[in-house]
Every structure is written in C-alpha cells, then in structure tokens.
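**Student:** The following block contains the structure, expressed as structure tokens.
The values are calculated or read from the model by the stated rules, or taken from the named source; none is laboratory data. For clarity, every value in this text was computed on a predicted model and none was experimentally measured. Positions of Cβ are generated from backbone atoms using ideal geometry, with glycine treated the same way; all protein chains shown enter the neighbour counts.
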C-alpha cells in the first residue's frame, strides 16, 4: 500500500531541514520545508517538543501536516496533546496500537514531491518496543533511518527479509542507546555515517549504554548525543 500525499507550500529559502529535537529522555524529530512539517515522535508530555517546533517553524505557521508516532510509549507519544493544543494537526499515523490515529503497516509509504518515508516494520513484535514503526526517510540523495525502540531481533528480521539492504546516511539509534538494539548486523548492512542518540541527561536507565557506543565507534560512525550536544539540525 502506498499513501500518496501532495503538498503545495511557500518556499522562502528553498532549504529542507531535519531537526532531531532535544526532548530529554525520549524521541522527537521534525522535517521542515517551507510551511510543511512532518513530526516523527513527540517526546514526553514534558519533553520540550513545543520549544523545538517554535524555534524551527515560521511563527505564522500553526499547522502540522503529518505526525508519525513510532509507538505509544509516553516518551515517544506523550507530547502529542501539547502539540494539538497549539497547532492544527492534519494527519496522525502510528502502529496498530495507536487507536487514535491511522495505521501504518510495513510497505506503506508517506510521500510528497520531495520526500519519501517508507515503513519497513510496524506492529511485528509482542511488546510496544518491537511494534515500533521503523522507517527510512529519503530526501534527495540522503537516507535517514528511524528505529523507534525496536530491538536487535527486529533489526535482524529486516536484514534477513532484505527489507533493509543499502547504506544510509543517518541512523536514529534505537531505544536511546539501549543494549537491546543497534546490532552489529544492522551496522554491517546500513553503514551509517552519523548516529543520533536521543536521550536525557543523567537518565535512570544508563542510556546510552557503553556496548552500543563502543559498537558505533568500532564501525567508525560519528555519534551525536542530545544529552550532551543538544538538538541536531541537518540541512538536506
């Protein structure tokens, strides 16, 4: 199934930006071009997603075209209500557990004239984490993989089924750097140049774990941590 979404918008500077927001212990990112925005996870209810949106959206733009929730854990979806309080949200997409949104299944795509978000896994696990929407965002020649909280088991399944086969530019590290994800098998296949760890400072979980950081270093991947370096702004 392909979900085709056509957008027409003003383009004041012609630039496309992807911002990995500093939402503390959680995930939150926003893709911005002109007056179009797609939010991928919202952080927690206290996760500063509104500050990130305010900093990077035109001040007059009070519409978010698309929100994708990887799964229902509060550190990924808790900021949704705050966003809806201040912005009109056109579409909310999520996995099979998100009963207040439209469902994304594996092989679905959200597309416009200039980007493609291809879902490679959704709702395939027994728990919330492994049911995460995992998707590859393509903008021009850049590829960014969003992994939610998916475990190594999900990553390996994607590789075995050849649903993930080529190099990517950026990996949003699974589960804030938990030892349950970011397997060597995945890194061998996708060979990211940059890994973004969305994580809260001095969190109680010990994220990101040394084993994941060491694994990324072993494969020569540049590491960006929101707990130490703040938000990551990329021009695509």
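**Student:** Take residue 44 and tell me if it is touching a residue at least 40 places away in the same chain (Cβ under 8 Å) and crowded, with 19+ Cβ neighbours inside 10 Å.
**Tutor:** For residue 44, the condition - touching a residue at least 40 places away in the same chain (Cβ under 8 Å) and crowded, with 19+ Cβ neighbours inside 10 Å - is not met.
A quick yes/no check of all residues on (1) touching a helix residue (DSSP H, G or I) at 6+ places or on another chain (Cβ under 7 Å); (2) closer than 20 Å to residue 30 by Cα; (3) not in a strand (DSSP E or B):
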residue: 118; (1), (2), (3): no, yes, no
residue: 138; (1), (2), (3): no, yes, no
residue: 154; (1), (2), (3): yes, no, yes
residue: 157; (1), (2), (3): no, no, yes
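**Student:** Which condition from (1) surrounded by 24 or more Cβ atoms within 10 Å (Cβ to Cβ); (2) out of contact with any helix residue (DSSP H, G or I) (no Cβ under 7 Å at 6 or more places or on another chain); (3) in a loop (DSSP other than H, G, I, E, B) is the one that residue 71 breaks?
**Tutor:** Single failed check for residue 71: (2).
**Student:** Looking only at residues in segment 90-100 that are surrounded by 16 or more Cβ atoms within 10 Å (Cβ to Cβ) and in contact with a helix residue (DSSP H, G or I) (Cβ under 9 Å, 6 or more places away or on another chain), which one is modelled with the lowest pLDDT?
**Tutor:** Filtering segment 90-100 for residues that are surrounded by 16 or more Cβ atoms within 10 Å (Cβ to Cβ) and in contact with a helix residue (DSSP H, G or I) (Cβ under 9 Å, 6 or more places away or on another chain), the one modelled with the lowest pLDDT comes out as 98.
**Student:** If I filter segment 49-68 for residues that are in contact with a strand residue (DSSP E or B) (Cβ under 9 Å, 6 or more places away or on another chain), part of a loop (DSSP other than H, G, I, E, B), at pLDDT 95 or above and under 24 Å from residue 177 (Cβ atoms), do I get at least one hit?
**Tutor:** No, segment 49-68 contains no residue that is in contact with a strand residue (DSSP E or B) (Cβ under 9 Å, 6 or more places away or on another chain), part of a loop (DSSP other than H, G, I, E, B), at pLDDT 95 or above and under 24 Å from residue 177 (Cβ atoms).
**Student:** Sticking with this structure for a sec: In segment 161-194, how many are free of Cβ contacts under 8 Å to residues at least 40 places away in the same chain and not in a helix (DSSP H, G or I)?
**Tutor:** 15
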